[in-house]
Amino acid sequence: MIHPRHLFDQHGQGQVFRFFDDLPADKQDALTRQAASIDLDEIDQLVKTLVKKNAPTESHGADPEPADYIPILSKNQNSEAWQKATEMGEQALRNGRVAAFTVAGGQGTRLGFDGPKGTFPISPVSEKSLFQIFAEKIKSSGERYQCSIPWFIMTSLQNHDETSAFFRKHSFFGLDPESLHLFPQGTIPIVDQEGKILLNDKHNIAMSPDGHGGSLRALARSGATRWMEEKGIDLLSCFQVDNPLVKCIDPTFIGFHLNEDSQLSSKIIVKKDPNEKVGVFCKKGELTQVIEYSDLAQELQQQTDPDGALRFRAGSIAVHIFHRELVEKLGGNSGEGNLPFHIAHKKNSSLDEGGQLIEAPAIKFEMFIFDALPFAENPLILEALRESEFSPVKNAQGSDSPESSRSDQLRQFARWFKASGINLNTDSDGIPEIKIEVSPQFADTKERFVEAWKSLSPQPEIKNGLVVE
Ligand code: UTP
């Protein structure tokens, strides 16, 4: 068998073994083992097409068109269809066909929090972590539909142990530990601007998680999809780790997905302005796809319909229902469909030629989960209300930050209180003067809050710091 060192030489990546001869035997072994696990043909291809861009780029022909979606407005006009979808989704839940799935392998560089993002304290009064909020939502859905809802969480090699320790420390937030399945996603080497694989130690290749699209490979190859099949689970309700407003389990969404016989359904919100940095759902010919905000021509981003609404307004919030078979097809070893990689330019710590650790611009390769769309039969897109379902924590400050997300949660709780006839003072932005919180176990929608509040006896005093549980 050829030693990986020779293979790396042959592929123009010999620098990886630059310090090899000076390493002690155990570290030589470690580097050799790590190097042997890397698919150099894949790296060659990525460097050629994405870093050096000297392969012909695919011609995509005509401009994209906006993709059709089911607007939230139709809920009033066509309430029968919404009711039917809800019932179908509820039945699927009762039949145990649904699992929850969170992608939590990201590095959270923009937030700059020292720990897995899911452990970040985010609720406005009791500072529940993102993971706790999701756990409580999933638990209460399981109780409501009297079913077990397994929860799959994709971690990364970097945050896996800390994530599982966090759940253990908090007694799995009341979930059955057996229902929680944590598995790390794949990794891929980080390269410099010339496409050369970097080291972050003399015996260690710098690796990064392979993007949220890596989840399909990770689900299929970790045996998760096989386990689901054995349990009769064919629907995965997928969401990202950073959005505390997400409906982890939404029967109506599940029902629309089933009714349309879709393999991949997605939720969207209407973009607030042309420059909002979310991907947009488009159609190219027959194929539905998400085009990243940075890849959609400025001119198209600004276009409006005759009524003044943005033409390309269907912004992705990364909430999907996947059919298990699509995950198997795209993530398994059959090679029936591979998600493409994209590149991200990020700063990274790596060794320079002299072996010093420096912060330098680097290139990471990532797959995106929404690139599964063109492979899916009958993709379905459903509008969600931003104020009720989307407030991600991405940045340390400003928009999409902990502060903006806590304000959005407070606004939501205030709307629920007001809908119950509670007299609550709010400012012109809808933020209540006092801090209040509603536990997902008490209610996770306005309708459920109104119902549950009515039956509370005695009702708690409305005061600063109230947590309704
Ligand atoms: P983001 O695109 O926000 O990336 O991830 P990030 O790595 O968390 O944050 P930055 O860009 O470094 O600031 C969106 C979702 O996809 C998951 C994240 O955990 C988050 O839920 N993700 C991202 C993965 O699971 N794996 C990845 O490789 C990347």
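Details
- For S222, the conditions (1) touching a strand residue (DSSP E or B) at 6+ places or on another chain (Cβ under 6 Å); (2) free of Cβ contacts under 8 Å to residues at least 24 places away in the same chain are fulfilled apart from (2).
- Scanning segment 306-318 for any residue that is within 27 Å of D44 (Cβ to Cβ), in contact with a strand residue (DSSP E or B) (Cβ under 7 Å, 6 or more places away or on another chain) and within 16 Å of the ligand (Cβ to nearest atom) turns up nothing.
- Selection status of E377, in contact with a His (Cβ under 9 Å, 6 or more places away or on another chain) and part of a loop (DSSP other than H, G, I, E, B): yes
- For segment 251-261, taking the residues that are open to solvent by 10 Å² or more (accessible area, probe 1.4 Å) and in contact with a strand residue (DSSP E or B) (Cβ under 7 Å, 6 or more places away or on another chain), the one that is nearest to the ligand (Cβ to nearest atom) is identified as F256.
- Matching option when the condition is in contact with a strand residue (DSSP E or B) (Cβ under 9 Å, 6 or more places away or on another chain), buried (at least 19 other Cβ atoms within 10 Å of the Cβ), farther than 22 Å from E377 by Cβ and at pLDDT 95 or above, among I321, I269: I269
- Scanning segment 177-219 for residues that are assigned to a strand (DSSP E or B) and of a type in the set (S, T, Y), we see that the one that is nearest to the ligand (Cβ to nearest atom) is S208.
- Residues that are more than 16 Å from the ligand (Cβ to nearest atom) and hydrophobic (A, V, I, L, M, F, W, C) were ranked within segment 331-372; the one that is nearest to G106 (Cα to Cα) is A360.
- Selection within segment 89-124 - open to solvent by 40 Å² or more (accessible area, probe 1.4 Å), more than 14 Å from the ligand (Cβ to nearest atom), assigned to a loop (DSSP other than H, G, I, E, B) and not polar (S, T, N, Q): R97
- Screening G337 against (1) in contact with a Leu (Cβ under 7 Å, 6 or more places away or on another chain); (2) open to solvent by 20 Å² or more (accessible area, probe 1.4 Å) leaves a single unmet condition, (2).
- Qualifying residue in segment 222-240 (condition: open to solvent by less than 10 Å² (accessible area, probe 1.4 Å) and in a loop (DSSP other than H, G, I, E, B)): yes
- For segment 429-469, a residue qualifies if it is open to solvent by 100 Å² or more (accessible area, probe 1.4 Å), of a type outside the set (K, R) and either touching a helix residue (DSSP H, G or I) at 6+ places or on another chain (Cβ under 6 Å) or under 20 Å from S404 (Cβ atoms) (or both), and exactly one does: E433.
- Residues that are open to solvent by less than 10 Å² (accessible area, probe 1.4 Å), within 30 Å of P189 (Cα to Cα) and outside any loop (DSSP other than H, G, I, E, B), drawn from segment 129-176: L130, F131, W151, F152, I153, M154, T155, T163, F167
- From the list G354, G332, the one residue that fits, being within 27 Å of T102 (Cβ to Cβ), out of contact with any strand residue (DSSP E or B) (no Cβ under 9 Å at 6 or more places or on another chain) and surrounded by fewer than 21 Cβ atoms within 10 Å (Cβ to Cβ), is G332.
- Among (1) touching a residue at least 12 places away in the same chain (Cβ under 8 Å); (2) open to solvent by 10 Å² or more (accessible area, probe 1.4 Å); (3) assigned to a loop (DSSP other than H, G, I, E, B) - the single one G398 does not satisfy: (1)
The values are calculated or read from the model by the stated rules, or taken from the named source; none is laboratory data. Source: prediction; values computed, not measured. Using ideal geometry, Cβ is built from the backbone for each residue, glycine included, and neighbour counts are taken over all protein chains shown. Ligands, DNA and RNA are stripped out before the accessible areas are found, and what is left, the full protein with its side chains, is counted by its heavy atoms. Shrake-Rupley method; radii C 1.70, N 1.55, O 1.52, S 1.80 Å.
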